[in-house]
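This report refers to the structure that appears directly beneath it.
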Amino acid sequence: MVNNENTEIKIIEAAKEVFVHKGYDGARMQEIADKAEINKALLHYYFRSKTKLFEKVFNNIFKEIVTGVAASIENSKNIEELIENFVNVYFEELKKKPYIPQFVLHEINRNPEMIVDLIKSNGVDKQKFIGVILKEGNRKDLRPFNPIQILVNVLSMTIFPFVASGIIKGFIFDGDEDAFDTFINERKSHIVEFVQVAIFKK
C-alpha cells in the first residue's frame, strides 16, 4: 500500500514538472515516466491516459490556491474584509507558486470548459463573492459599482504581475531582482487601496 502511494506521488510530482514547463500538448508520457523513474507500462497502470493524469495534476495545483481563496470569501463579513482577505490570500499563494498563473492561463486557452469545471468542483463560487457585496448594497459610504467588474479587476491586478514577471522585471526594473521583489511585496497593499478608492466615497 505504501509503495503504491509513493509511486503515485512520484508520478504526480514528475507530471507536475513536465506539464508546468511544457503544457498539456507538449508533455509526453514517456518523459513523465522517465522523471518518475518508472517504466511507461507502470505509468499507464496508475493513469490510463495523459488526460486523466493532467486532470489529477491540475486539480492538485488548483486546490493549492482555491482552498484558501474560497475560505477567505466565506470568512468575510463585509466588503472591507472581503477585498482584503481575498487579495491577501490569493496574492500570498501566487508568491509561493508564481508558475501557476501562466500554467493556468495556457490551459484555459486550450480547454476552457475543463478549467471551469475544475474551478467549480473546488468550491469557488462567484455568487458568494457577489453576495457579500450585495448584502451591503445600501451602505451610504459606497459608490454604485458592478460586483463582477470588481472581481475581474482584483483577479487581473493580482495575476498580471506574475504572468508578465519577465517583462516587468526586465523592462520596468532593468533586470533588478531586488527592485522587482520589493514591487511584488508592495503590490498586495496597493491593490487593496486601489479597490477601496474605487468603491468607497471620499
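Rule-based calculations on the coordinates, nothing more; no lab input. Note that the structure is a prediction, hence the values are computed from the model and not measured. Neighbour counts run over all protein chains shown; Cβ positions are idealised from the backbone, glycine included.
Values as computed for the structure displayed
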| item | result |
| --- | --- |
| Wholly enclosed helices (runs of 4 or more DSSP H) of segment 78-172 bearing at least 2 residues over 19 Å from the mean Cα position of the chain (by Cα) and not β-branched (Val, Ile, Thr) | 79-96, 126-135 |
| Selection within segment 147-202 - surrounded by 11 or more Cβ atoms within 10 Å (Cβ to Cβ), of a type in the set (Phe, Trp, Tyr) and without any contact (Cβ under 8 Å) to a residue 40 or more places away in the chain | Phe160, Phe173, Phe180, Phe183, Phe194 |
| Selection count where residues are part of a helix (DSSP H, G or I) and free of Cβ contacts under 8 Å to residues at least 40 places away in the same chain, scope segment 59-77 | 5 |
| Residue count, segment 146-202 (criterion: acidic (Asp, Glu) and under 20 Å from Asn85 (Cα atoms)) | 2 |
| Residues (among the charged types (D, E, K, R), surrounded by fewer than 13 Cβ atoms within 10 Å (Cβ to Cβ) and under 22 Å from Asn109 (Cα atoms)) located in segment 29-60 | Lys52 |
| Residue, farthest from Glu186 (Cα to Cα), within segment 93-108, restricted to residues that are surrounded by fewer than 18 Cβ atoms within 10 Å (Cβ to Cβ) and in contact (Cβ under 8 Å) with a residue 40 or more places away in the chain | His106 |
| So Tyr90, is it among the hydroxyl-bearing types (Ser, Thr, Tyr) and within 21 Å of Glu74 (Cα to Cα) | yes |
